[in-house]
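Colleague: First the structure, which I've put down as structure tokens, then a few questions once you've had a look.
The values are calculated or read from the model by the stated rules, or taken from the named source; none is laboratory data. Fair warning: this is a prediction, and the values are worked out from it, not measured in the lab. Don't worry about glycine lacking a Cβ; one is built from the backbone with ideal geometry, like all the others, and counts go over all protein chains shown. Side chains are part of the model used for accessible areas, which takes the heavy atoms of the whole protein and leaves out ligands, DNA and RNA. Shrake-Rupley method; radii C 1.70, N 1.55, O 1.52, S 1.80 Å.
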Amino acid sequence: MSKPDKKIINELDKLKETIENHNRLYYNEDAPSISDAEYDKLYDRLLEIEKQFPELITPDSPSQRVGAAPSKKFEPAKHRIPMLSLQKVTTYEEFLAFDKRARDGLELGEDKVTYVVEPKLDGLAVELIYREGLFVEGSTRGDGSTGENITSNLKTIRNIPLKLSKEISKKYPLLEVRGEVIMKRSAFKRLNDSLLERDLPLLANPRNGAAGSLRQLDPKVTSSRPLLFFAYGISDPGLASLINQYDSIQLLKKEGFLTNKLIKIVVGPAKVENRFLEIDHARHDLDYDIDGMVIKVNDFNQQVELGQISRAPRWAVAWKFKAEQVETILEDIEFSVGRTGVVTPVAKLQPVFVGGATVSNATLHNQDELAKLDLFIGDTVVIQRAGDVIPDVVSVVIEKRPPDAKKIKFPNHCPSCNMPIIRPEGEAAYRCQNLACPAQLEGRLFHFASKGGFDIDGLGEKFARQLIKEELVKDPADLFYLTVEQLLPLELMADKRAQNLVDAINRSKQTELPRAIFALGIIGVGESAGKLLASNFCSFSKLENATE
Ligand code: IVH
């Protein structure tokens, strides 16, 4: 075997640097300076050299972003310094009260506090640990003290630097960078379009997209997801010579991290309000979701002086945006039946743009809500959309009710199976009691196969519906007896897909007890109750025989 000469070593070093630089231009600056083909050429050359001289592969090589083996579960990762949460305010008065507490705490009298005002990114908080300038570990926030080690997944995010400058490595041999992993709205839309095409479960919103992609056990899946990391701070305000939040953001930016362009220094509460309103107004034009502004005392000494109460710092606050409201016309009402038989009225709306998306459905929750709103079909309604996808109907504009508006009647039969529906004592919901109701079965099947349950890849809503319609499945357990031959006649079911689904079903048989309990869809038993029951009873038979 030949030894690499100086020339090769230099070429490789140069390639690593060039590729990471292009990553930065592409992901952080939105300003690629070479074509995809040229980029691929550089990358291929890097792989070629590394293949020839594997001893030259270093952890900061771009090739090391992918290729880690799937793991069985994530290991816990303790945060050296806890990742705190934020107190929240929603009005200027509440913010003023926060500002006063800060001024009192710092004994500033009438002097104004210097704040850094930042967008509150709607993604998943993570911590990245750099030792001697190398990215060595990354984790989720978890409960604030301990999160999950998701290093391999974070490495696949191309805009996370694998290596920092020499200068910084020397000055800060341990640097813990904190920030948010997000999925851009445009990328989220493209991803959902492609999931829809393959009949895979859709992601509810970009936040779930980011969280779901990061919590994949196979880094290859994460690698295929369009994620971005925004750095918003460092863990330790005591780090030598870093004296404030704003400078630490500038330092992170210089080290190649993506930082938010809208971060600004603002002095005093009135200017904070101006800035808040300005961004509130402009936020729908951003390509990522933000749900408020985070306002931080800039000076690190002041931060330390203010300290924290319980799990939130006294030096920062989240000022959340109000949900945006618009008017539209209620065109119809549909009654949908969920997996537990609950009948939910859904408003069918004239499509309208609100909260950054066009919506045509809104939830009306239950009959009480419907009665309280006193809705007629044809009414003009006020709807609002906060963060999540399904908006709410807030009120009716009575003056705009047309003469031919139609009163809405809550059904007394299930819209799916036509059996009488009843409202159990003390509940707000009407339920269909028929366990064989197709709509319920569909929901149960979908829940059974969902991520938190048996996690059967490829069993989307569309297939669930078909399986029930064709009477191949009358109970979720029937899934385990399906054969490729039975699946083939279904719409959109090619050989490979049928085989994949059967394989996925077979794989899912090796599940864990908490998931199996969750999958049953017992009313009130979600993922955490599933875990609790599993750790207390240890087996299905013990659980079955449990007394009240
Ligand atoms: S600072 C003590 N800055 O908000 C400081 N957090 O409740 C806490 N978040 O889940 C974090 N954008 O992920 C900070 N610019 C920003 C943020 C931000 C979003 C999230 C964070 C955490 C939550 C804190």
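Colleague: With the condition kept exactly as written, say whether any residue in the stretch 200-208 is in contact with a strand residue (DSSP E or B) (Cβ under 8 Å, 6 or more places away or on another chain), of a type outside the set (D, E, K, R) and within 16 Å of the ligand (Cβ to nearest atom). Walk me through how you get there before you give the answer.
Modeller: Residues of the stretch 200-208 that are in contact with a strand residue (DSSP E or B) (Cβ under 8 Å, 6 or more places away or on another chain), as a first pass: 206-207.
This time we only want the ones that are of a type outside the set (D, E, K, R), so: 206.
With the extra rule that they be within 16 Å of the ligand (Cβ to nearest atom), the set shrinks to 206.
Yes, some residue in the stretch 200-208 is in contact with a strand residue (DSSP E or B) (Cβ under 8 Å, 6 or more places away or on another chain), of a type outside the set (D, E, K, R) and within 16 Å of the ligand (Cβ to nearest atom).
Colleague: Residue pairs, Cβ under 6 Å, 6 or more apart or interchain, first in the stretch 462-477 and farther than 10 Å from E442 by Cβ and touching a residue at least 24 places away in the same chain (Cβ under 8 Å), second open to solvent by 100 Å² or more (accessible area, probe 1.4 Å) and in a helix (DSSP H, G or I). List them.
Modeller: If the second residue must be open to solvent by 100 Å² or more (accessible area, probe 1.4 Å) and in a helix (DSSP H, G or I), no pairs are left.
Colleague: How many of the residues making up the stretch 144-163 are open to solvent by less than 10 Å² (accessible area, probe 1.4 Å) and either within 17 Å of D60 (Cβ to Cβ) or assigned to a helix (DSSP H, G or I) (or both)?
Modeller: The qualifying residues number 8.
Colleague: Which pairs turn up if I take residues in the stretch 92-117 that are touching a residue at least 12 places away in the same chain (Cβ under 8 Å) and look for partners that are β-branched (V, I, T) and open to solvent by 40 Å² or more (accessible area, probe 1.4 Å) with beta carbon separation below 6 Å, at least 6 apart in sequence or on another chain?
Modeller: Pairs that qualify, where the first residue is touching a residue at least 12 places away in the same chain (Cβ under 8 Å) and the partner is β-branched (V, I, T) and open to solvent by 40 Å² or more (accessible area, probe 1.4 Å), are K112/V267; T114/V267; V116/I265.
Colleague: Moving on to the next point. Please go through the stretch 374-390 and give me each residue that is surrounded by 14 or more Cβ atoms within 10 Å (Cβ to Cβ) and without any contact (Cβ under 8 Å) to a residue 60 or more places away in the chain, ordered by number.
Modeller: L375, F376, I377, G378, D379, T380, V381, V382, I383
Colleague: Return the total of residues in the stretch 48-72 being open to solvent by less than 70 Å² (accessible area, probe 1.4 Å) and among the charged types (D, E, K, R).
Modeller: 3
Colleague: What number of residues within the stretch 286-321 satisfy the criterion of being within 20 Å of the chain's Cα centre (by Cα) and basic (K, R)?
Modeller: 1
Colleague: When you look at L252, is it within 15 Å of the ligand (Cβ to nearest atom) and hydrophobic (A, V, I, L, M, F, W, C), yes or no?
Modeller: yes
Colleague: Tell me, please, whether a residue that is at positive phi and open to solvent by less than 20 Å² (accessible area, probe 1.4 Å) can be found in the stretch 399-420.
Modeller: no
Colleague: Let me ask another. Quick test of your reading of the structure: V177 fulfils all but one of (1) in a loop (DSSP other than H, G, I, E, B); (2) touching a helix residue (DSSP H, G or I) at 6+ places or on another chain (Cβ under 7 Å). Name the failing condition by number.
Modeller: All conditions are met except number (1).
Colleague: Turning to a different aspect of this structure: Counting residues that are in contact with a Cys (Cβ under 9 Å, 6 or more places away or on another chain), which strands (runs of 3 or more DSSP E) fully inside the stretch 331-395 reach at least 1?
Modeller: Because the criterion is at least 1 residues that are in contact with a Cys (Cβ under 9 Å, 6 or more places away or on another chain), the strands (runs of 3 or more DSSP E) in the stretch 331-395 that meet it are 343-354.
Colleague: Looking at this structure, is I295 in contact (Cβ under 8 Å) with a residue 40 or more places away in the chain, within 16 Å of the ligand (Cβ to nearest atom) and part of a strand (DSSP E or B)? Give the derivation first.
Modeller: Working: in contact (Cβ under 8 Å) with a residue 40 or more places away in the chain: yes; within 16 Å of the ligand (Cβ to nearest atom): yes; part of a strand (DSSP E or B): yes.
Judged against the criteria, I295 is a match.
Colleague: Do any residues in the stretch 226-238 that are at pLDDT 95 or above have Cβ atoms under 6 Å from those of residues that are near the ligand (Cβ under 10 Å from one of its atoms) and of a type in the set (S, T, Y), where the two are at least six apart or on different chains, and which pairs are they?
Modeller: Listed pairs, sorted by first residue: A231/T259.
Colleague: Then there's this: Taking into account only those residues within the stretch 108-143 that are acidic (D, E) and either modelled with pLDDT of 95 or more or more than 9 Å from the ligand (Cβ to nearest atom) (or both), which is surrounded by the most Cβ atoms within 10 Å (Cβ to Cβ)?
Modeller: The residue in question is E118.
Colleague: In the stretch 355-369, is there at least one residue being open to solvent by 60 Å² or more (accessible area, probe 1.4 Å), of a type in the set (D, E) and at pLDDT below 90?
Modeller: Yes: the stretch 355-369 contains one or more residues that are open to solvent by 60 Å² or more (accessible area, probe 1.4 Å), of a type in the set (D, E) and at pLDDT below 90.
Colleague: If you take the residues in the stretch 303-323 that are within 25 Å of I279 (Cα to Cα) and away from the ligand (no atom under 12 Å from the Cβ), which one is surrounded by the most Cβ atoms within 10 Å (Cβ to Cβ)?
Modeller: Within the stretch 303-323, the match that is surrounded by the most Cβ atoms within 10 Å (Cβ to Cβ) is F321.
Colleague: Please go through the stretch 400-422 and give me each residue that is out of contact with any helix residue (DSSP H, G or I) (no Cβ under 8 Å at 6 or more places or on another chain) and part of a loop (DSSP other than H, G, I, E, B), ordered by number.
Modeller: Listed by number, the residues that qualify are R401, P402, P403, D404, A405, K409, P411, N412, N418, M419.
Colleague: Could you grab the pairs with beta carbons closer than 8 Å, sequence gap of 6+ or different chains, first residue in the stretch 522-548 and hydrophobic (A, V, I, L, M, F, W, C), second one open to solvent by 80 Å² or more (accessible area, probe 1.4 Å)?
Modeller: A534/E512
Colleague: Then there's this: Within the stretch 5-21, which residues are of a type outside the set (A, V, I, L, M, F, W, C) and open to solvent by 30 Å² or more (accessible area, probe 1.4 Å)?
Modeller: The answer is D5, K6, K7, N10, E11, D13, K14, E17, T18, N21.
Colleague: Same structure again: Taking the criterion of being within 15 Å of the ligand (Cβ to nearest atom) and closer than 26 Å to A323 by Cβ, would at least one residue in the stretch 168-179 satisfy it?
Modeller: yes
Colleague: Scan the stretch 97-106 and give yes if some residue there is of a type in the set (F, W, Y), open to solvent by 40 Å² or more (accessible area, probe 1.4 Å), in a helix (DSSP H, G or I) and in contact with a Pro (Cβ under 9 Å, 6 or more places away or on another chain), otherwise no.
Modeller: no
Colleague: To continue, here is another question. Filter the stretch 182-211 for residues that are farther than 21 Å from A357 by Cα and not acidic (D, E) and give the result.
Modeller: R198, L200
Colleague: Of these, I168, I182, which one is of a type in the set (A, V, I, L, M, F, W, C) and either without any contact (Cβ under 8 Å) to a residue 12 or more places away in the chain or buried (at least 23 other Cβ atoms within 10 Å of the Cβ) (or both)?
Modeller: I182
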